[in-house]
Amino acid sequence: MPLKQTIESIGQWPLAGAVCIVARRLIPLGVLTALILGVAHYIHQQSLHQWSRGIETYIVLEQIRRSERLPAADLAFLGDSSCLMGIHVPTLLRAFPGSGIESFCTIGFVGPDGYGAMLEKMIARGRQPRKLVLVFNPIQYERDPRWNEWVSFIRTNRFEVPSGLTFPAGGPEYIRLLMERAVYNPLPGGYAVYYGGKDQFISTIWREHGSAIDPNRMLDIPSLDAYKATLAGHVFFKPDPKIKPFVMNAEFEKALASLSETLSKFDRSKVYLVITPVNSLYAQGGPQSFHAEAGERIAAMLGIDRSHFLDTPDMMLDIMYAHYPSHLHRWSRIIYTEQLAEALAGRGILGREKGN
């Protein structure tokens, strides 16, 4: 049948008029929708988005931003989340009035190589601290090579990676990200209870000079004195035999070697080392192995004088931990930080004013 006759026959269909009306309305809408999704997908592919939008990413991003924007500190901390959650900088500021102290501690996934990458950025911007404390918890001794993605994440200067989504999936994902930024999005679990959303969490890190609280325990205790009253009668638990000892693997040593290379650009005589305590339940192998011996070994690999390994507690009571073997809770971190302040003062790393 000739094309002209075909068109004429279609025009004679009973619903032809309705189809034409619907088509005239829907086709432009479909084209517009495809155009919007196409543009959103293109932006999503060309721009960079957070490859992990979990709390770990917020921590790393904000600590990098702080290290870029704050002036050089008298003393700075670089390390894992045992430092972020366990060293309370406001307590140190009270112990050493007039000193500039900041924590840029992140998470164990970042590791020694990542801490070195952060230090390199600080050096490049002329914002390196006058003195530096490196902080490790034994939980990160057995490093997984997959964690090196976090090091790349830091070294890119953009902290994000391109999306691998194909069209049209990238379009809705970009729109979803825009909506997520515009709408309140609570943090997971106990973090939502204590902080609420990510903005409150981020503002706490800035306000507390790089410190944060692991909210998974002791939120119902109203004060430090009230918490100290609960400690009476508590003893160290024997290590759980099902838990593996903390042993440094080759990947961790490789990351230490990279950090050591970065420290060659810094003054090693101004670098100190802290091994944070573990929950006594996790102390398989004994604290001598994962604390004293490991500290000496790490110091040697980093080219730091043995005397710069600070004498701090190697393990603490289970009741002092909020989560896992390494995160002290809101009150015990103050107790630990007071002990750390004594070690810093004893080594003359920071001086206390007379009367303090």
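The values are calculated or read from the model by the stated rules, or taken from the named source; none is laboratory data. No experiment lies behind these values; they were computed from the predicted model shown. Cβ atoms come from the backbone with ideal geometry, glycine included; neighbour counts cover every protein chain shown. Please note that ligands, DNA and RNA were not included when accessible areas were found on the heavy atoms of the full protein model with its side chains. Shrake-Rupley method; radii C 1.70, N 1.55, O 1.52, S 1.80 Å.
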Given the condition open to solvent by 10 Å² or more (accessible area, probe 1.4 Å), under 12 Å from the mean Cα position of the chain (by Cα) and closer than 15 Å to I213 by Cα, answer yes or no: does some residue in segment 90-99 qualify? no
On the basis of being in contact with an Asp or Glu (Cβ under 7 Å, 6 or more places away or on another chain) and open to solvent by 10 Å² or more (accessible area, probe 1.4 Å), does G54 make the cut? no
Which numbered condition trips up S211, out of (1) assigned to a loop (DSSP other than H, G, I, E, B); (2) open to solvent by 40 Å² or more (accessible area, probe 1.4 Å); (3) touching a helix residue (DSSP H, G or I) at 6+ places or on another chain (Cβ under 9 Å)? (2)
Is segment 308-330 home to any residue that is more than 17 Å from S81 (Cα to Cα) and open to solvent by 50 Å² or more (accessible area, probe 1.4 Å)? yes
If the Cβ limit is 9 Å and pairs must be 6+ apart or interchain, which residue in segment 251-265 that is open to solvent by 60 Å² or more (accessible area, probe 1.4 Å) pairs with which residue that is not in a helix (DSSP H, G or I)? K254/R143; S264/G303; K265/Q128
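The rows are residues; the columns are (1) in a helix (DSSP H, G or I); (2) of a type in the set (S, T, N, Q); (3) in contact with a helix residue (DSSP H, G or I) (Cβ under 6 Å, 6 or more places away or on another chain); (4) within 30 Å of L219 (Cα to Cα).
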position: M248; (1), (2), (3), (4): no, no, no, no
position: A255; (1), (2), (3), (4): yes, no, yes, no
position: S289; (1), (2), (3), (4): yes, yes, no, no
position: S307; (1), (2), (3), (4): yes, yes, no, no
position: A343; (1), (2), (3), (4): yes, no, no, yes
Residue set G286, G348, G295; condition crowded, with 16+ Cβ neighbours inside 10 Å, free of Cβ contacts under 8 Å to residues at least 24 places away in the same chain and more than 22 Å from the chain's Cα centre (by Cα); output residue G295
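Every residue, every condition in (1) more than 30 Å from S280 (Cβ to Cβ); (2) at pLDDT 95 or above; (3) in a helix (DSSP H, G or I), yes or no:
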residue: Q45; (1), (2), (3): yes, no, yes
residue: S52; (1), (2), (3): yes, no, no
residue: T57; (1), (2), (3): yes, no, yes
residue: T106; (1), (2), (3): no, yes, no
residue: E142; (1), (2), (3): no, yes, no
Here is a list: G79, G114. Which entry is open to solvent by less than 10 Å² (accessible area, probe 1.4 Å) and touching a strand residue (DSSP E or B) at 6+ places or on another chain (Cβ under 8 Å)? G79
For residues that are farther than 18 Å from G108 by Cβ and touching a strand residue (DSSP E or B) at 6+ places or on another chain (Cβ under 9 Å), tally how many sit in segment 270-304. 11
